[in-house]
Amino acid sequence: MRKFIAFALVASPLLALDPVGIGNSDTATAHSFAKIMAPVKVVSTQDLNFGSIVLDELGKAASVELTFNTPPNGNPSLTDKKLVNCGFYNKTAMPTAAFFHYQRDNNFGGGGPSLMPVPDGDPNVSIDITATDLIGPHGKACHFTPKNDLPVDSCLYFPPKEGTAAKHFSVFGKLDIPSDAIPGNYAGTITVKVTYN
């Protein structure tokens, strides 16, 4: 019995020197987040066509100005036209507006788990529209001033996908025909760029 007590007395100070104690380490946890966003996709489903324009007189400047309106989930409709020194050929189809649709992410906010959907309108994207003049025979140009029916409206062009929203709008405008315009076909381009802000 004495031997055991003596061993215990000798061993106790050694146990107190154990280097693995509760103050030698600690742990903490941080959360990790990521937000995956849908890409912006833009498509055009219809060209701007001023139709066949008959001049009142060769050598006299003329102009055609078109206005369209695009309702939600609908197609552009002609709401106004102004023709100066010209008219539409009576056997041609009615003019059409350029029709653009785009799809974008429907959630904006921080990178955490609480993301609020964006209401109607697009405060988080910018839309840039550029256009060229219409060039015809021998390089003759008709000046084109583009207009649009922004703000955008909802559309049904894209198949529904979770976390996305689709919008559409149309582009139209005014065509100035110079006095030296040569009869023939004239063509130009309209470019639309949609960018996340």
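The values are calculated or read from the model by the stated rules, or taken from the named source; none is laboratory data. In this text the structure is predicted, and so the values were computed from the model without any measurement. Glycine gets a Cβ as well: all are built from the backbone with ideal geometry, and neighbour counts include every protein chain shown. When the accessible area is computed, the model is the full protein with side chains, heavy atoms only, and any ligands, DNA or RNA have been set aside. Shrake-Rupley method; radii C 1.70, N 1.55, O 1.52, S 1.80 Å.
Give me the residue from segment 142-157 that is of a type in the set (Ser, Thr, Tyr) and touching a residue at least 40 places away in the same chain (Cβ under 8 Å) and, out of that set, surrounded by the most Cβ atoms within 10 Å (Cβ to Cβ). First the steps, then the outcome.
Residues of segment 142-157 that are of a type in the set (Ser, Thr, Tyr), as a first pass: 145, 154, 157.
Cutting the leftovers down to touching a residue at least 40 places away in the same chain (Cβ under 8 Å) gives us 154, 157.
Details: Ser154: 13, Tyr157: 15.
Across segment 142-157, the extreme among qualifying residues is Tyr157.
What is the number of the single condition among (1) on the phi > 0 side of the Ramachandran plot; (2) modelled with pLDDT under 90 that Gly51 does not meet?
Status for Gly51: all satisfied but (2).
Within segment 40-55, track down each residue that is open to solvent by less than 80 Å² (accessible area, probe 1.4 Å) and not aromatic (Phe, Trp, Tyr).
Result: Val40, Val42, Val43, Ser44, Thr45, Gln46, Leu48, Gly51, Ser52, Ile53, Val54, Leu55.
With the requirement that a residue be at pLDDT 70 or above and either surrounded by 10 or more Cβ atoms within 10 Å (Cβ to Cβ) or assigned to a loop (DSSP other than H, G, I, E, B) (or both), what does segment 8-28 give you?
The initial filter retains those residues of segment 8-28 that are at pLDDT 70 or above, namely 21-28.
Matches in segment 8-28: Gly21, Ser25, Asp26, Thr27, Ala28.
Are any residues in segment 158-192 within 22 Å of Ile127 (Cα to Cα), modelled with pLDDT of 95 or more and open to solvent by 30 Å² or more (accessible area, probe 1.4 Å), and if so, which ones?
Lys174, Gly188, Thr189, Ile190, Thr191
Give all pairs with beta carbons closer than 6 Å in which a residue from segment 72-87 that is farther than 21 Å from Gln46 by Cβ and open to solvent by 70 Å² or more (accessible area, probe 1.4 Å) meets a residue that is assigned to a strand (DSSP E or B) and at pLDDT 95 or above; count only pairs at least 6 apart in sequence or on separate chains.
Lys82/Glu65; Val84/Ala62; Val84/Ser63
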